1. Please give the charge dipole size of region 1-116, origin at the Cα centre, charges +1 on K and R Cβ atoms and -1 on D and E Cβ atoms. Round to the nearest 20 debye.
2. For region 69-115, which trypsin sites (Lys or Arg not before Pro) are both in a DSSP coil and crowded by at most 10 other Cβ atoms within 10 Å?
3. Does region 1-65 come out rounded, prolate or oblate by the C-alpha gyration tensor, with a ≥ b ≥ c the root eigenvalues, rounded set by a/c under 1.5 and, if not, prolate when a/b is larger than b/c and oblate if not?
4. If you count only protein heavy atoms with a 1.4 Å probe, what accessible area per residue comes out for region 1-114, rounded to a whole Å²?
5. Amide H neighbours of residue 60 under 5 Å, counting only residues 5+ apart in sequence or on other chains, H built in-plane at 1.01 Å?
Amino acid sequence: KYSRADISVAVAIPDGLITPIIVAADTKSLSIISKEMSDLAARAKEGKLQPHEYQGGTASLSNLGMFGTKQFDAVINPPQAMILAVGAGEKRPYVINDSLQIATVMSATGSFDHRAIDGADGARLMQAFKRLVENPLALRLLEGDFADGDAIRVDAPDGELIFERAETAAPATA
(Lines give C-alpha, C1' and ligand atoms only; values in the text may rest on other atoms or scores of the structure.)
Protein backbone atom coordinates (compact mmCIF):
# COMPACT_ATOMS: atom_id res chain seq x y z
CA LYS A 1 0.00 0.00 0.00
CA TYR A 2 1.17 3.49 -0.81
CA SER A 3 1.51 6.20 1.82
CA ARG A 4 1.48 8.97 -0.77
CA ALA A 5 -0.82 10.20 -3.54
CA ASP A 6 1.22 10.85 -6.68
CA ILE A 7 -1.55 11.06 -9.27
CA SER A 8 -0.91 10.58 -12.98
CA VAL A 9 -3.27 12.15 -15.49
CA ALA A 10 -3.47 10.76 -19.01
CA VAL A 11 -2.61 13.35 -21.67
CA ALA A 12 -3.01 12.73 -25.41
CA ILE A 13 0.11 13.66 -27.37
CA PRO A 14 0.85 13.30 -31.10
CA ASP A 15 2.71 10.01 -30.56
CA GLY A 16 0.13 8.44 -28.21
CA LEU A 17 -0.37 8.92 -24.50
CA ILE A 18 1.72 10.11 -21.58
CA THR A 19 0.81 10.34 -17.90
CA PRO A 20 2.46 13.29 -16.13
CA ILE A 21 2.34 13.10 -12.34
CA ILE A 22 0.97 15.51 -9.75
CA VAL A 23 3.33 14.65 -6.88
CA ALA A 24 1.81 14.68 -3.38
CA ALA A 25 -1.63 15.62 -4.75
CA ASP A 26 -3.19 14.89 -1.36
CA THR A 27 -1.33 17.85 0.14
CA LYS A 28 -2.33 20.40 -2.54
CA SER A 29 -5.36 22.57 -3.12
CA LEU A 30 -7.48 22.14 -6.24
CA SER A 31 -6.20 25.43 -7.63
CA ILE A 32 -2.56 24.32 -7.25
CA ILE A 33 -3.35 20.92 -8.80
CA SER A 34 -5.09 22.66 -11.71
CA LYS A 35 -2.12 24.97 -12.34
CA GLU A 36 0.38 22.11 -12.14
CA MET A 37 -1.70 19.92 -14.45
CA SER A 38 -2.05 22.71 -17.03
CA ASP A 39 1.71 23.22 -17.00
CA LEU A 40 2.46 19.47 -17.18
CA ALA A 41 -0.06 18.90 -20.01
CA ALA A 42 1.32 21.80 -22.06
CA ARG A 43 4.89 20.60 -21.64
CA ALA A 44 3.81 17.01 -22.41
CA LYS A 45 2.30 18.12 -25.73
CA GLU A 46 5.54 19.99 -26.52
CA GLY A 47 7.64 16.91 -25.63
CA LYS A 48 9.39 18.79 -22.81
CA LEU A 49 8.69 16.57 -19.78
CA GLN A 50 11.56 15.06 -17.85
CA PRO A 51 11.32 11.31 -17.09
CA HIS A 52 10.71 11.91 -13.36
CA GLU A 53 7.61 13.92 -14.33
CA TYR A 54 5.87 10.93 -15.96
CA GLN A 55 7.45 7.76 -14.52
CA GLY A 56 6.03 6.19 -11.36
CA GLY A 57 2.96 7.54 -9.62
CA THR A 58 0.53 5.69 -7.38
CA ALA A 59 -2.72 6.08 -9.35
CA SER A 60 -3.98 7.45 -12.69
CA LEU A 61 -6.94 9.38 -14.03
CA SER A 62 -8.07 8.88 -17.61
CA ASN A 63 -10.80 11.11 -19.06
CA LEU A 64 -12.05 9.91 -22.43
CA GLY A 65 -15.30 11.69 -21.66
CA MET A 66 -13.78 14.84 -23.15
CA PHE A 67 -13.83 12.96 -26.47
CA GLY A 68 -17.47 11.94 -26.05
CA THR A 69 -16.78 8.39 -24.81
CA LYS A 70 -19.69 7.40 -22.58
CA GLN A 71 -17.98 4.63 -20.56
CA PHE A 72 -14.75 2.64 -20.72
CA ASP A 73 -12.50 0.44 -18.63
CA ALA A 74 -8.92 1.64 -18.20
CA VAL A 75 -5.93 -0.62 -17.58
CA ILE A 76 -3.74 -0.02 -14.53
CA ASN A 77 -0.27 1.35 -15.34
CA PRO A 78 2.32 -0.61 -13.28
CA PRO A 79 3.66 0.11 -10.68
CA GLN A 80 0.47 2.02 -9.86
CA ALA A 81 -2.33 0.57 -7.76
CA MET A 82 -5.43 2.00 -9.50
CA ILE A 83 -6.84 3.96 -12.39
CA LEU A 84 -10.07 5.95 -12.61
CA ALA A 85 -11.75 6.01 -16.03
CA VAL A 86 -14.05 9.02 -16.47
CA GLY A 87 -16.71 9.02 -19.19
CA ALA A 88 -18.70 11.84 -20.74
CA GLY A 89 -21.51 13.56 -18.93
CA GLU A 90 -24.77 13.38 -20.84
CA LYS A 91 -28.38 14.21 -20.18
CA ARG A 92 -30.40 11.12 -19.26
CA PRO A 93 -33.69 10.34 -17.52
CA TYR A 94 -32.94 9.98 -13.81
CA VAL A 95 -35.06 9.49 -10.71
CA ILE A 96 -34.62 12.37 -8.24
CA ASN A 97 -36.79 12.43 -5.09
CA ASP A 98 -39.11 9.76 -6.54
CA SER A 99 -39.67 11.87 -9.67
CA LEU A 100 -38.43 11.15 -13.18
CA GLN A 101 -36.30 14.10 -14.27
CA ILE A 102 -33.50 14.89 -16.69
CA ALA A 103 -30.04 14.97 -15.15
CA THR A 104 -26.49 15.09 -16.43
CA VAL A 105 -25.07 11.65 -15.68
CA MET A 106 -21.54 10.35 -16.19
CA SER A 107 -19.83 7.01 -15.75
CA ALA A 108 -16.65 6.53 -13.75
CA THR A 109 -14.98 3.15 -13.43
CA GLY A 110 -12.25 2.35 -10.93
CA SER A 111 -9.79 -0.46 -11.60
CA PHE A 112 -7.83 -1.56 -8.53
CA ASP A 113 -4.81 -3.81 -8.06
CA HIS A 114 -6.03 -5.86 -5.10
CA ARG A 115 -2.48 -6.62 -4.05
CA ALA A 116 -2.20 -2.95 -3.03
CA ILE A 117 -5.82 -1.80 -2.50
CA ASP A 118 -8.45 -3.89 -0.79
CA GLY A 119 -11.67 -4.10 -2.84
CA ALA A 120 -13.73 -2.58 -0.02
CA ASP A 121 -11.34 0.40 0.15
CA GLY A 122 -11.66 0.81 -3.61
CA ALA A 123 -15.45 0.76 -3.30
CA ARG A 124 -15.28 3.43 -0.59
CA LEU A 125 -13.09 5.57 -2.84
CA MET A 126 -15.63 5.27 -5.67
CA GLN A 127 -18.43 6.12 -3.23
CA ALA A 128 -16.55 9.24 -2.08
CA PHE A 129 -15.88 10.22 -5.71
CA LYS A 130 -19.58 9.86 -6.51
CA ARG A 131 -20.54 12.04 -3.55
CA LEU A 132 -18.05 14.74 -4.56
CA VAL A 133 -19.24 14.77 -8.17
CA GLU A 134 -22.86 14.97 -7.00
CA ASN A 135 -21.99 17.75 -4.53
CA PRO A 136 -19.39 19.89 -6.31
CA LEU A 137 -19.70 22.64 -3.71
CA ALA A 138 -17.89 20.28 -1.35
CA LEU A 139 -14.85 20.48 -3.63
CA ARG A 140 -14.77 24.24 -3.19
CA LEU A 141 -14.65 23.79 0.59
CA LEU A 142 -11.40 21.92 0.15
CA GLU A 143 -9.91 25.10 -1.32
CA GLY A 144 -10.21 26.90 2.02
CA ASP A 145 -7.31 27.26 4.36
CA PHE A 146 -7.72 25.24 7.52
CA ALA A 147 -5.29 23.87 10.04
CA ASP A 148 -3.69 20.46 9.61
CA GLY A 149 -5.89 17.73 11.00
CA ASP A 150 -9.06 19.85 10.80
CA ALA A 151 -12.07 18.15 9.29
CA ILE A 152 -14.90 19.61 7.26
CA ARG A 153 -18.27 17.89 7.28
CA VAL A 154 -20.68 18.33 4.39
CA ASP A 155 -24.20 16.95 4.37
CA ALA A 156 -24.79 14.66 1.39
CA PRO A 157 -28.09 13.10 0.30
CA ASP A 158 -27.00 9.59 1.29
CA GLY A 159 -24.76 10.37 4.21
CA GLU A 160 -22.08 12.70 5.46
CA LEU A 161 -18.87 13.54 3.61
CA ILE A 162 -15.85 14.04 5.82
CA PHE A 163 -12.70 15.62 4.45
CA GLU A 164 -9.46 15.48 6.37
CA ARG A 165 -6.53 17.51 5.17
CA ALA A 166 -3.28 15.54 5.12
CA GLU A 167 -0.84 16.68 7.76
CA THR A 168 2.32 18.15 6.33
CA ALA A 169 5.68 18.52 7.98
CA ALA A 170 6.67 22.00 9.10
CA PRO A 171 9.36 23.58 6.92
CA ALA A 172 12.86 23.18 8.24
CA THR A 173 14.45 26.29 9.66
CA ALA A 174 18.09 27.19 9.23
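1. The calculation lands at about 60 debye.
2. Of the trypsin sites (Lys or Arg not before Pro), the ones in loops of region 69-115 whose Cβ has at most 10 other Cβ atoms within 10 Å are 115.
3. prolate
4. On a per-residue basis, 60 Å².
5. 8, 82, 83, 84
The values are calculated or read from the model by the stated rules, or taken from the named source; none is laboratory data. This one's a predicted model, so the numbers in the text were calculated from it and none came from an experiment. When we count neighbours, we look across all protein chains shown, and the Cβ atoms used for this are built from the backbone with ideal geometry, even at glycine. The accessibility values were calculated without ligands, DNA or RNA, using every heavy atom of the protein model including side chains. Shrake-Rupley method; radii C 1.70, N 1.55, O 1.52, S 1.80 Å.
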